[in-house]
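Structure first, commentary second.
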Amino acid sequence: MTKKLVASALVLVLMFLFTACSSGGRDEQIIYPIDKDPEFLDPQIISSDCAKNIIANCFEGLVTLGEDGSILPGCAETWKITDGGLTYTFNLRRDAMWRVSPAAGALLGEDYAESFDARVTADDFVFAFKRALRPETKAPGAKNLYSIKNALKVHSGELKESRLGVKAKDDYTLVISLEWADPDFLYSLLDSVCMPCNEEFFEATAGRYGLSTKYLIYNGPFYMNNWADDNAITLKRNDKYYDTESVAPSSLYFSINSEQETRLKKIQDGVYHIAPLTDSQAEELEALEKYSVQKYSSTVVSLIFNCKDTYFSNVNVRRAVAGSFDHEAAKSFFGTEAGGVIPSSMIVSEERYRDSAGNIGRYENSEPSVSLDTGLSELGVKGAEVTILCLNE
C-alpha cells in the first residue's frame, strides 16, 4: 500500500518523476506549497485545508480512503456492522504505535520510554470523540459525529460525555453505537476530528496540544520534523508506523506561499513537485507534455437568488439575470464551467452524488432581454434596482 500526499486543491500538478511513488522515489522529498502557516495543528479543532493536509499525513484514523474513493482499513484492521446499521465494532491492529519525540517525551517524565504506553488503543479513539464533543472544545467537525448515540446531547451539554455511544470493549476493540443507521458513517470517520488522541499525552501538554512539534505525537505515515513559523513545515517518514516500508516519499516539505502567480514558474523550475494551480496555469503546463495534470471540481460558484425579494420572486427576472451573465469571463476566474450545482467530486456511499441524486442544472436563456421585459411587465414596473453580493473575484 503506497501512502501518498493528501492534497485539497482544484488542480494538482506532479512531475512524472514522482507520480508513481515507486521504490525509486522512496528516498525523495516532495515539495508542496500551502497558502498559510497553520496557527495550530490539533486534529480535533483544525478547520483549514492547509492544516488538514498536514494532519492527514501525520495521523491515521480507524479507516482510510482508497484512490478510487472506497473505504480501506486504517487503525482498524476489520469491522462489522450489526443491529441494522446501528452498531459498528472495530477490531484495531495491534502494531499501531505512537511516535513520541524526545521533546514530547520530556512532557511525560524522564522515564517516558518505559512508563508511557505507546500503543494506539481503543481508548485513544474514545477520548478523541469525547473531547471533540465537549462544548468547550468548539470542534468545527463535531457535527460529523452527530449520528453517534447521544452525540448531539453531549455536545449541547445536556448529557455527560460518559453517555456517548463510543466504548472501548478492550484495548483493541472499539464499539460505536448510532442514533440512526448512517450509510456514510465510515466516511465521517475520515475527518480530522476523528483522529485518535492519547489522553495521557494531551493532559501533559497543559493546554498546548498541537501548538508546536513538542506538543504532538503521531500515528500516521509521517511525523512533523520541523515547523518554521511563516516559512515551511517538514514531515519525515515515520519509522514507528506499522507499514513504514511502503511509505513514499521519505519527506514532505510544505512551503508556505500564498502567491498563486508564482507557483507555475516554480513547478517549471523544479522547485515544486506538486502544486494547486488555476485552470489556465494547468492548461499551459499540459501543452508542454512534461507534466501530469489532474483536475477535479470540489467547489461550485453560483448565483443564488432570494426568491422572497420583490423582483427575484419573478422567474423571468431570474432568467434574465442568469442569462445575461458572462460565462466566458467567469471561466477566467473560476475555471471550468459547471454543469450543475453539485460538484462532480462529491461522493456519497461510494457513489457520485450527482449520479444518484440527479443533477440540477442552471437557468437556460438565450434571450435575457425578452425575459426581463416580460418579468418587469408581470411585476407592473418599468425598471428595478437590485443588490448582488459577490466574492472578491
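Residues of the range 58-74 that are under 16 Å from V247 (Cα atoms) and touching an Asp or Glu at 6+ places or on another chain (Cβ under 9 Å): G74 alone.
Just checking, which of S369, S332, S356, S377 is at pLDDT below 85, farther than 30 Å from Q281 by Cβ, open to solvent by less than 100 Å² (accessible area, probe 1.4 Å) and assigned to a helix (DSSP H, G or I)?
Values: S369 fails: at pLDDT below 85; S332 fails: farther than 30 Å from Q281 by Cβ; S377 fails: at pLDDT below 85.
Among S369, S332, S356, S377, only S356 is at pLDDT below 85, farther than 30 Å from Q281 by Cβ, open to solvent by less than 100 Å² (accessible area, probe 1.4 Å) and assigned to a helix (DSSP H, G or I).
In the range 255-272, the residues that are under 10 Å from P33 (Cα atoms) reach residues that are surrounded by 16 or more Cβ atoms within 10 Å (Cβ to Cβ) and of a type in the set (K, R) with C-beta atoms within less than 9 angstrom, at least six apart or across chains, in these pairs: S255/K266; N257/R263; N257/K266; Y272/R263; Y272/K266. For T278, are the conditions met, namely being under 30 Å from D49 (Cα atoms), within 27 Å of the chain's Cα centre (by Cα) and surrounded by 18 or more Cβ atoms within 10 Å (Cβ to Cβ)? Yes; evaluated as a whole, the condition is true for this residue.
Looking only at the range 34-53, filter to residues that are farther than 18 Å from A128 by Cα and under 11 Å from the mean Cα position of the chain (by Cα); which one of those is most open to solvent (accessible area, probe 1.4 Å)? First the steps, then the outcome.
Step one: of the range 34-53, the residues farther than 18 Å from A128 by Cα are 34-39, 48-50, 53.
With under 11 Å from the mean Cα position of the chain (by Cα) added as a condition, the list becomes 48-50, 53.
Values: S48: 34, D49: 87, C50: 16, N53: 8 Å².
Across the range 34-53, the extreme among qualifying residues is D49.
For the range 110-211, please list each of the helices (runs of 4 or more DSSP H) lying entirely inside it that holds at least 2 residues being of a type in the set (A, V, I, L, M) and under 23 Å from the mean Cα position of the chain (by Cα).
Where helices (runs of 4 or more DSSP H) fall fully within the range 110-211 and carry at least 2 residues being of a type in the set (A, V, I, L, M) and under 23 Å from the mean Cα position of the chain (by Cα), they are 122-132, 151-156.
Go through (1) loosely packed, with under 15 Cβ neighbours inside 10 Å; (2) within 16 Å of E28 (Cβ to Cβ) and name the single condition V271 misses. Unmet condition: (1).
Just to check your reading of the model, which residue among V120, V126 is open to solvent by less than 20 Å² (accessible area, probe 1.4 Å) and closer than 25 Å to A248 by Cβ? That would be V120, the only listed residue that is open to solvent by less than 20 Å² (accessible area, probe 1.4 Å) and closer than 25 Å to A248 by Cβ.
Per the conditions (1) modelled with pLDDT of 90 or more; (2) open to solvent by 40 Å² or more (accessible area, probe 1.4 Å), the sole criterion not satisfied by L252 is (2).
Which members of the range 298-324 meet the condition of being free of Cβ contacts under 8 Å to residues at least 24 places away in the same chain and open to solvent by less than 50 Å² (accessible area, probe 1.4 Å)? Break it down stepwise before answering.
Looking only at the range 298-324, we keep the residues that are free of Cβ contacts under 8 Å to residues at least 24 places away in the same chain, and these are 304-308, 313.
Once the filter is applied, which keeps residues that are free of Cβ contacts under 8 Å to residues at least 24 places away in the same chain and open to solvent by less than 50 Å² (accessible area, probe 1.4 Å), the range 298-324 yields only F305.
Pairing each residue of the range 167-186 that is closer than 24 Å to R94 by Cβ with any residue that is among the β-branched types (V, I, T) and open to solvent by 30 Å² or more (accessible area, probe 1.4 Å), provided the two are 6+ apart or on different chains, yields C-beta distances under 7 Å for K167/V175; K169/V175. The criterion of being exposed (fewer than 15 other Cβ atoms within 10 Å of the Cβ), modelled with pLDDT of 95 or more and aliphatic (A, V, I, L, M) does not hold for A228.
With respect to K167, determine if the residue is on the phi < 0 side of the Ramachandran plot and either of a type in the set (A, V, I, L, M) or at pLDDT 95 or above (or both). Talk me through it step by step, then tell me what you get.
Working: on the phi < 0 side of the Ramachandran plot: yes; either of a type in the set (A, V, I, L, M) or at pLDDT 95 or above (or both): yes.
Yes; evaluated as a whole, the condition is true for this residue.
Apart from one condition, S147 fits all of (1) buried (at least 18 other Cβ atoms within 10 Å of the Cβ); (2) more than 26 Å from N53 (Cα to Cα); the exception is (2).
The values are calculated or read from the model by the stated rules, or taken from the named source; none is laboratory data. What you see is a predicted model; the values in this text were computed from it and never measured. Every residue, glycine among them, receives a Cβ derived from its backbone with ideal geometry; neighbour counts consider all protein chains shown. Note: areas computed on protein heavy atoms with side chains; ligands, DNA, RNA excluded. Shrake-Rupley method; radii C 1.70, N 1.55, O 1.52, S 1.80 Å.
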